[in-house]
1. Can we say ASP66 is farther than 21 Å from LYS44 by Cα and open to solvent by less than 80 Å² (accessible area, probe 1.4 Å)?
2. Could you list, in sequence order, the residues of segment 53-68 that are under 17 Å from GLU93 (Cβ atoms) and at pLDDT 85 or above?
3. Please verify whether segment 40-59 includes one or more residues that are without any contact (Cβ under 8 Å) to a residue 24 or more places away in the chain and outside any helix (DSSP H, G or I).
4. Being modelled with pLDDT of 85 or more, charged (D, E, K, R) and part of a loop (DSSP other than H, G, I, E, B) is the filter here, so list the residues in segment 84-129 that pass it.
5. Can you work out which of the residues in segment 89-129 that are surrounded by 13 or more Cβ atoms within 10 Å (Cβ to Cβ) and small (Gly, Ala, Ser) is farthest from VAL43 (Cα to Cα)?
6. Applying the selection to segment 60-81, what residues are in a strand (DSSP E or B) and within 23 Å of ARG32 (Cβ to Cβ)?
7. Given the conditions (1) free of Cβ contacts under 8 Å to residues at least 40 places away in the same chain; (2) surrounded by 11 or more Cβ atoms within 10 Å (Cβ to Cβ); (3) over 26 Å from SER128 (Cα atoms), which single one is not true for THR73?
8. Take the residues in segment 102-129 that are in contact with a strand residue (DSSP E or B) (Cβ under 7 Å, 6 or more places away or on another chain) and of a type in the set (Gly, Ala, Ser); name whichever of them is farthest from ALA54 (Cα to Cα).
Amino acid sequence: MQFWLPVISGVLIVLFLALVIVHTVRSNRPYREEEQRYERLAVKGQPASAEVLALRELAQGTYDNDVELRLRTVALAGRPPLEQTLKTRIARELVVNFMPGQTIHVLVDPADTTAVAIDRRRSTTTISR
């Protein structure tokens, strides 16, 4: 029986680590998607502004906070303003710039106005460390 105890312990540790990795990858997905959307829209996106309607902090990290922003983009090319929610990471010191009532810079996909990302060149979300 003592032979199996280290084997079972090792298998349980590997399973636990696998679960932690899967959870981490899944929980980071919305933030990676918004960042990838920004990279795509930085090339072909249409600059616009958006009013922050609500900010909800989802998690606090050492340097960054995971937040959910409710935004209303301005009318673009005859299209009415659009309200939507997006999840992103913002440096803790910069969260104040994304409080409700603030206007931020965004990029909108001209082909799909529901595809919006924060314009990180004009509304900074990170601080170089």
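1. Numbers: farther than 21 Å from LYS44 by Cα: yes; open to solvent by less than 80 Å² (accessible area, probe 1.4 Å): yes.
Yes; evaluated as a whole, the condition is true for this residue.
2. Of the residues in segment 53-68, the ones under 17 Å from GLU93 (Cβ atoms) are 55, 57, 59-67.
Once the filter is applied, which keeps residues that are under 17 Å from GLU93 (Cβ atoms) and at pLDDT 85 or above, segment 53-68 yields LEU55, GLU57, ASN65, ASP66, VAL67.
3. yes
4. Selection gives ASP119, ARG120, ARG121, ARG122.
5. Result: ALA91.
6. GLN60, ASP64, ASN65, ASP66, VAL67, GLU68, LEU69, ARG70, LEU71, THR73
7. (1)
8. ALA115
The values are calculated or read from the model by the stated rules, or taken from the named source; none is laboratory data. Not measured: the values here are computed from a predicted model. Please note: Cβ atoms are built from the backbone with ideal geometry, for glycine as well, and neighbour counts cover all protein chains shown. To get the accessible areas, we keep the full protein, side chains included, count just its heavy atoms, and leave off ligands, DNA and RNA. Shrake-Rupley method; radii C 1.70, N 1.55, O 1.52, S 1.80 Å.
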